[in-house]
1. For residue 12, state whether it is closer than 17 Å to residue 68 by Cα, touching a helix residue (DSSP H, G or I) at 6+ places or on another chain (Cβ under 9 Å) and crowded, with 17+ Cβ neighbours inside 10 Å.
2. Please count how many residues of the range 44-63 are open to solvent by 70 Å² or more (accessible area, probe 1.4 Å) and charged (D, E, K, R).
3. Would you mention how many residues in the range 33-68 are in contact with a Leu (Cβ under 7 Å, 6 or more places away or on another chain) and part of a loop (DSSP other than H, G, I, E, B)?
4. Examine the range 69-80 for a residue that is at pLDDT 95 or above, part of a loop (DSSP other than H, G, I, E, B) and either crowded, with 16+ Cβ neighbours inside 10 Å or more than 16 Å from the chain's Cα centre (by Cα) (or both), and state whether such a residue exists.
5. Out of everything in the range 33-43 that is over 21 Å from residue 65 (Cα atoms) and in contact (Cβ under 8 Å) with a residue 40 or more places away in the chain, what residue ends up being most open to solvent (accessible area, probe 1.4 Å)?
6. May I ask you to verify whether residue 21 is among the aliphatic types (A, V, I, L, M) and open to solvent by 80 Å² or more (accessible area, probe 1.4 Å)?
7. Could you please tell me which pairs satisfy a Cβ distance under 9 Å, a separation of 6+ or placement on different chains, a first residue in the range 8-32 that is over 15 Å from residue 48 (Cβ atoms), and a second residue that is open to solvent by 90 Å² or more (accessible area, probe 1.4 Å)?
Amino acid sequence: MNSFIIKHIKWVELLGVFMRIFSFSLVSWLGPASPFLFVWIFNTTDAIILSWCSILKKDFAYSLLNVFWIFVGLIGILRASKYI
């Protein structure tokens, strides 16, 4: 799987960036009517994609940032699911 991502890393990163833009745009447009669980799941998925790419590229700053977003996303998913 890593070799596929490395081969297509620009497109995979672009997908992650478009996913992040979409999720934040959805919250901006819909405000309190946003489907927050969907947004958190979608945002956490793009954080996983972008983390994977940045780790493969050995980019510590973006790896740290996106791994942080994974943890934020997991908390958001739990809160939107009413588990915490």
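The values are calculated or read from the model by the stated rules, or taken from the named source; none is laboratory data. Here the structure is a predicted model, which is why all the values come from computation and not from measurement. Here Cβ is always computed from backbone atoms with ideal geometry, including for glycine, and neighbour counts include all displayed protein chains. The area values use the complete protein model at the heavy-atom level, side chains included, leaving out ligands, DNA and RNA. Shrake-Rupley method; radii C 1.70, N 1.55, O 1.52, S 1.80 Å.
1. Taking the combined requirement at face value, the residue does not satisfy it.
2. Number satisfying all stated conditions: 2.
3. Here the count works out to 1.
4. For the range 69-80, residues at pLDDT 95 or above, part of a loop (DSSP other than H, G, I, E, B) and either crowded, with 16+ Cβ neighbours inside 10 Å or more than 16 Å from the chain's Cα centre (by Cα) (or both): absent.
5. Here the residue is 36.
6. Against the criterion (among the aliphatic types (A, V, I, L, M) and open to solvent by 80 Å² or more (accessible area, probe 1.4 Å)), residue 21 qualifies.
7. Hits for this filter: 26/38.
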